[in-house]
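Everything below concerns the one structure shown next.
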Amino acid sequence: MLLPGVIVTLIYAYGPMAGLVMAFQQFEPLSGFFHSKFVGFDNFKYVFAMPDFKQVLWNTIVIAVIKMVLFLLVPLILALLLNEVTKRWFSRFIQSAVFLPFFLSWTVLGGVIIELFSLSGPVNGLLTGMGLKPIMFMLDNEWFRGIVIGSDVWKGMGYNMIVMLAAITGINATLYEAAEVDGAGRWKQMIHITLPGMAPILILLGVLSLGGILNAGFEQILIMYNPTVYEGADIIDTFVYRLGMFSQQFGPAAAVGLFKSAISLVLVSLTYYAAYKYNNYRIF
């Protein structure tokens, strides 16, 4: 039963890794991997010396770290609040409403957000109606970065919220009964029972998030951004895309991709080891 999945993974996940050899070549598509000139680490030196690379790396880290924190914090708060709701129909309605954006692609949501925050969009219409000046949200680096982070958290928070609600339902109900007998209110029950009971799933989500700390949302940013906001929104993935597809610099683009993958591997290994050492938690 596992064989089809293993074959697909080998072909589409591990097979393309052979292309990493481009990071050490002056790659020419017509020459291929075997006849392109080997240049060692020259591609890495070239990329790291580019004036835009430091800004791109900084943008990636800032956007990814804020997303990572909010991806844990916002769903956690929502899950804890929904756990206190006594009307089950209302709880189901909120879960469905929050989870719905997760199923929409960024092709759809990106267009909606661009229209909402455009100069003639409803958000600026509201500001104008309040007597304020319209803001060019999609052309301002600071505003655009906030929109990218906020919209991504809004789209994905429903999934983590459902995962956390599942973790809450798995907590032994007798613990709450015992705490209630001892006089603990809902707040103390949440602090001393609910949150410790959710610790394993929170650690798991945190470990998985740290592994992708350099993934700041390629598809989302590619659809929404423009040259005006490159300074504040250009990330490693979009930088690689422009470097490889538009500038035809395949070797340097592969070098940046390899650099990103190596950092991600180190972060995954360290966070997994920390989770195992300090919380005795193992994924496998």
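The values are calculated or read from the model by the stated rules, or taken from the named source; none is laboratory data. Note that the structure is a prediction, hence the values are computed from the model and not measured. Cβ sites come from the backbone with ideal geometry, for glycine too, and all protein chains shown count toward neighbours. What goes into the accessible areas is simple: the full protein's heavy atoms, side chains included, and nothing from ligands, DNA or RNA. Shrake-Rupley method; radii C 1.70, N 1.55, O 1.52, S 1.80 Å.
Within segment 154-167, does at least one residue satisfy the condition of being outside any helix (DSSP H, G or I) and either out of contact with any Phe, Trp or Tyr (no Cβ under 7 Å at 6 or more places or on another chain) or over 22 Å from Y276 (Cα atoms) (or both)?
No, segment 154-167 contains no residue that is outside any helix (DSSP H, G or I) and either out of contact with any Phe, Trp or Tyr (no Cβ under 7 Å at 6 or more places or on another chain) or over 22 Å from Y276 (Cα atoms) (or both).
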Self-check item: Filter result for P101 (touching a residue at least 12 places away in the same chain (Cβ under 8 Å) and not aliphatic (A, V, I, L, M))
Solution: yes
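Per-residue answers, yes or no, for (1) modelled with pLDDT under 85; (2) farther than 30 Å from E231 by Cα; (3) assigned to a helix (DSSP H, G or I):
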position: G19; (1), (2), (3): yes, no, yes
position: M22; (1), (2), (3): no, no, yes
position: P29; (1), (2), (3): yes, yes, no
position: M68; (1), (2), (3): no, no, yes
position: L78; (1), (2), (3): no, yes, yes
position: R92; (1), (2), (3): no, yes, yes
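Results for (1) closer than 30 Å to L267 by Cβ; (2) polar (S, T, N, Q); (3) surrounded by 13 or more Cβ atoms within 10 Å (Cβ to Cβ), shown as yes or no for each residue.
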site: A166; (1), (2), (3): yes, no, no
site: A173; (1), (2), (3): no, no, no
site: E177; (1), (2), (3): no, no, no
site: D182; (1), (2), (3): no, no, no
site: L195; (1), (2), (3): yes, no, yes
site: L202; (1), (2), (3): yes, no, yes
Within segment 169-200, the residues that are over 15 Å from L72 (Cα atoms), in contact (Cβ under 8 Å) with a residue 40 or more places away in the chain and among the hydrophobic types (A, V, I, L, M, F, W, C) are M190
Exactly one of F259, F218 is under 21 Å from the mean Cα position of the chain (by Cα), open to solvent by 40 Å² or more (accessible area, probe 1.4 Å), at pLDDT 85 or above and not charged (D, E, K, R), and that residue is F259
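The rows are residues; the columns are (1) part of a helix (DSSP H, G or I); (2) more than 24 Å from G146 (Cβ to Cβ).
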{"site": "T194", "(1), (2)": "yes, yes"}
{"site": "L205", "(1), (2)": "yes, no"}
{"site": "L210", "(1), (2)": "yes, no"}
{"site": "N215", "(1), (2)": "no, no"}
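Quick check: is even one residue across segment 144-154 under 24 Å from T107 (Cβ atoms), under 21 Å from the mean Cα position of the chain (by Cα) and without any contact (Cβ under 8 Å) to a residue 12 or more places away in the chain?
For segment 144-154, residues under 24 Å from T107 (Cβ atoms), under 21 Å from the mean Cα position of the chain (by Cα) and without any contact (Cβ under 8 Å) to a residue 12 or more places away in the chain: present.
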